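One structure is given below, encoded as structure tokens.
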Protein chains: 2
Amino acid sequence: MNYRIERLAIIGVGLIGGSLARALRAQGSVGEIVGYGRTLENLSEAVRLGVIDGAENSASAAVRGSDMVVVAVPIGSMGQVLEEIRDALSPTAVVTDVGSVKAPVVTDARAALGTRFRDFVPGHPIAGTERSGVTASFAELFARRRVILTPNPDTDLAAVAQVRAMWTAAGADVKTMTAAEHDHVLAASSHLPHALAYALVDMFVRLDEHRAIFDCAGGGFRDFTRIAASDPTMWRDIFLANRVELLALLGQYQDDLRGLAEAIERGDSQWLWDTCARAQRAREQLGAVDESGGD
Amino acid sequence: MNYRIERLAIIGVGLIGGSLARALRAQGSVGEIVGYGRTLENLSEAVRLGVIDGAENSASAAVRGSDMVVVAVPIGSMGQVLEEIRDALSPTAVVTDVGSVKAPVVTDARAALGTRFRDFVPGHPIAGTERSGVTASFAELFARRRVILTPNPDTDLAAVAQVRAMWTAAGADVKTMTAAEHDHVLAASSHLPHALAYALVDMFVRLDEHRAIFDCAGGGFRDFTRIAASDPTMWRDIFLANRVELLALLGQYQDDLRGLAEAIERGDSQWLWDTCARAQRAREQLGAVDESGGD
């Protein structure tokens with residue numbers, strides 16, 4: 001593939017930003033990679049590991065002269081970072097993000113970027129693990145994973161093509177939908193499960209017998225709660241950013257749990273079997289977990 | 001180890017029964033293994049795979065002449081199977097089960113076994129995968145996994161020692177507690193997570209956009225819902241058998257979800273961060289999922 005980035009700026013060199021840098025480097029798709037992030041410790045580690053060629057002192061210094069800018073920060077910080085970099089962007093630069101909620105990011109980007117909003121391509125790689133930071137990054141994170149881009153009518157088509165080419169070079173399978181569709185679907189496939197896992201582990205922590213519970217944890221419990229080890233800042237931001245969709249699903253799930261509790265209470269063997277069997281068939285179609293990754 | 005079973009009867013040659021047979025055979029801890037089960041197809045497969053030496057036509061034929069009897073059937077069928085085999089048990093036979101709820105099994109066993117109740121050692125290996133049947137069985141399933149035995153004051157100590165030795169030979173780490181303690185702790189570490197996973201997948205199945213949701217499923221969703229692919233008959237029985245403990249936890253979880261929804265609704269950033277961070281710390285202590293197994 002002829003796709004090549006001359007100078008790539010990664011704002012937020014964590015699991016996602018670091019893995020993207022590694023993947024593009026491994027493919028020979030990038031010249032120089034510069035990074036900026038909040039903590040000096042993580043940035044130094046990124047340089048030491050060779051994930052980035054150099055660290056800059058500010059986001060705007062990192063984007064200066066870069067043809068591709070990837071903003072991989074918690075979505076609560078997105079607007080501020082985009083505002084900071086706007087005036088330093090080179091005229092031909094393309095900007096993208098990796099946030100897990102898209103509509104609020106688009107709103108923030110429109111407000112922050114002004115005329116450069118057309119060069120901003122909202123994106124979300126559905127990949128990750130429960131670990132954070134550049135030390136957790138690896139080049140294969142996006143291999144055969146889905147990346148969703150949510151351009152809008154204002155977005156420059158050439159910019160979309162470049163971001164698509166970047167993710168394809170990193171090994172991902174790129175798909176396009178509207179930001180609203182994305183947020184509706186991801187609320188179910190990702191945000192609700194994370195909220196449920198955090199709530200469950202937190203409930204257990206507050207039980208007197210929590211040591212015995214953790215001591216008797218089998219692989220099922222471990223798998224079910226793995227996502228509760230994810231970064232709390234990132235997920236707090238996601239829950240708030242996608243609150244309308246998340247609350248709708250959470251309400252529906254609470255109704256369903258009431259139905260489940262009632263069926264158990266009245267000993268409704270048939271209802272329980274039907275429900276479990278329907279879920280089992282659906283889950284089996286989804287296939288096995290043959291990946292290490294989360295989202 | 002000198003521990004040896006001369007003739008082992010497995011009633012229900014599925015994932016658990018089959019894996020136990022394979023493990024004991026691999027250790028040279030067993031002479032002959034005979035099996036009985038509901039479906040001829042699975043039994044024939046067990047013989048073909050060499051998991052059992054022979055299939056019998058009835059549970060009582062299988063236990064005749066056996067010194068160790070492992071009943072590995074859904075807990076709803078336990079009482080009936082134990083009643084069926086009682087009169088065929090050899091005078092020195094020890095009987096154990098692998099049910100995921102212990103107090104109801106003990107009640108059923110007491111009623112079904114009469115004077116032989118003292119030779120019954122209630123057991124629960126916390127191991128398994130979401131797959132069922134003898135084809136899913138493997139000798140290493142119990143390696144370093146916890147097995148909980150819940151003997152009561154009536155149980156013969158020599159019988160407990162034999163069942164403990166059997167599971168130790170299979171590679172497991174054996175622990176003893178009361179049936180009530182077991183059911184209380186397992187309701188949290190296993191039964192509630194399974195109920196929540198079934199309810200979530202079933203909710204998604206009933207949504208119009210369920211294809212898009214499954215299509216956007218990352219590793220997090222896959223891990224979180226893996227246990228919903230478990231056998232519906234087995235889990236229906238567990239939910240009903242442990243209903244008091246399960247309903248108490250389900251009620252508490254529903255309260256917690258209400259609190260979570262309210263915090264999201266009022267945009268309580270601090271509450272959300274605190275809750276997620278507390279769960280994250282606890283889950284990190286539990287460690288990574290370095291096993292293929294569930295329960």
Open item on the list: So B:V63 ticks every box in (1) in contact (Cβ under 8 Å) with a residue 40 or more places away in the chain; (2) surrounded by fewer than 23 Cβ atoms within 10 Å (Cβ to Cβ); (3) among the hydrophobic types (A, V, I, L, M, F, W, C) but one. Which box is left unticked?
Closed with: (2)
- [ ] Tell me the strands (runs of 3 or more DSSP E) entirely within the range A:118-187 that contain at least 1 residues that are facing chain B (nearest Cβ under 10 Å), among the hydrophobic types (A, V, I, L, M, F, W, C) and within 15 Å of the chain's Cα centre (by Cα).
- [x] A:146-149
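Of the residues B:D237, B:D223, only one is out of contact with any Cys (no Cβ under 6 Å at 6 or more places or on another chain), assigned to a helix (DSSP H, G or I), within 28 Å of A:Q280 (Cβ to Cβ) and facing chain A (nearest Cβ under 7 Å); which?
The conditions single out B:D223.
Here's the yes/no breakdown for (1) over 20 Å from A:M234 (Cα atoms); (2) at pLDDT below 95:
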residue	(1), (2)
A:N2	yes, yes
A:I52	yes, no
A:P74	no, yes
A:V81	no, no
A:V94	yes, no
Open item on the list: Could you tell me how many of the residues in the range A:253-267 are surrounded by 16 or more Cβ atoms within 10 Å (Cβ to Cβ) and under 14 Å from B:V244 (Cβ atoms)?
Closed with: 2
TODO: Select, from A:S44, A:S58, the only residue that is over 18 Å from A:D119 (Cβ atoms) and in contact with a Phe, Trp or Tyr (Cβ under 7 Å, 6 or more places away or on another chain).
DONE: A:S58
Open item on the list: Can you list the helices (runs of 4 or more DSSP H) lying wholly within the range A:1-117 that have 2 or more residues being more than 20 Å from the chain's Cα centre (by Cα) and over 30 Å from A:H194 (Cα atoms)?
Closed with: A:15-26, A:40-48, A:59-63, A:78-85
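Where residues in the range A:262-291 are more than 7 Å from chain B (Cβ to nearest Cβ) and at pLDDT below 95, which of them is farthest from A:I227 (Cα to Cα)?
In this case the residue turns out to be A:R281.
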Task: Selection count where residues are more than 7 Å from chain B (Cβ to nearest Cβ), assigned to a helix (DSSP H, G or I) and of a type outside the set (K, R), scope the range A:207-220 - done: 2
TODO: Would you please name the residue that is nearest to A:G259 (Cα to Cα), looking only at residues in the range B:188-206 that are more than 7 Å from chain A (Cβ to nearest Cβ) and in contact (Cβ under 8 Å) with a residue 60 or more places away in the chain?
DONE: B:L192
Open item on the list: With the structure loaded, tell me whether B:E181 is farther than 15 Å from A:P193 by Cβ, surrounded by fewer than 19 Cβ atoms within 10 Å (Cβ to Cβ), at pLDDT below 95 and acidic (D, E) or whether it fails that test.
Closed with: no
Open item on the list: With within 24 Å of B:N242 (Cα to Cα) and surrounded by fewer than 21 Cβ atoms within 10 Å (Cβ to Cβ) as the only criterion, which of B:Q80, B:Q27 stands out?
Closed with: B:Q80
- [ ] Enumerate the pairs (first residue in the range A:13-32 and in the same structural domain as A:F142 (by TED's automatic domain parsing); second residue anywhere and surrounded by fewer than 18 Cβ atoms within 10 Å (Cβ to Cβ) and assigned to a helix (DSSP H, G or I)) with beta-carbon separation below 8 Å, excluding pairs fewer than 6 apart on the same chain, so at least 6 apart or on different chains.
- [x] A:G14/A:A136; A:L15/A:A136; A:G18/A:A136
- [ ] Select from the range A:240-250 the residues that are more than 7 Å from every other protein chain (Cβ to nearest Cβ) and part of a helix (DSSP H, G or I) and write down the one among them that is nearest to A:G133 (Cα to Cα).
- [x] A:A241
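The values are calculated or read from the model by the stated rules, or taken from the named source; none is laboratory data. Here the structure is a predicted model, which is why all the values come from computation and not from measurement. Ideal geometry is used to build each Cβ from the backbone, glycine not excepted, and the neighbour counts take in all protein chains shown.
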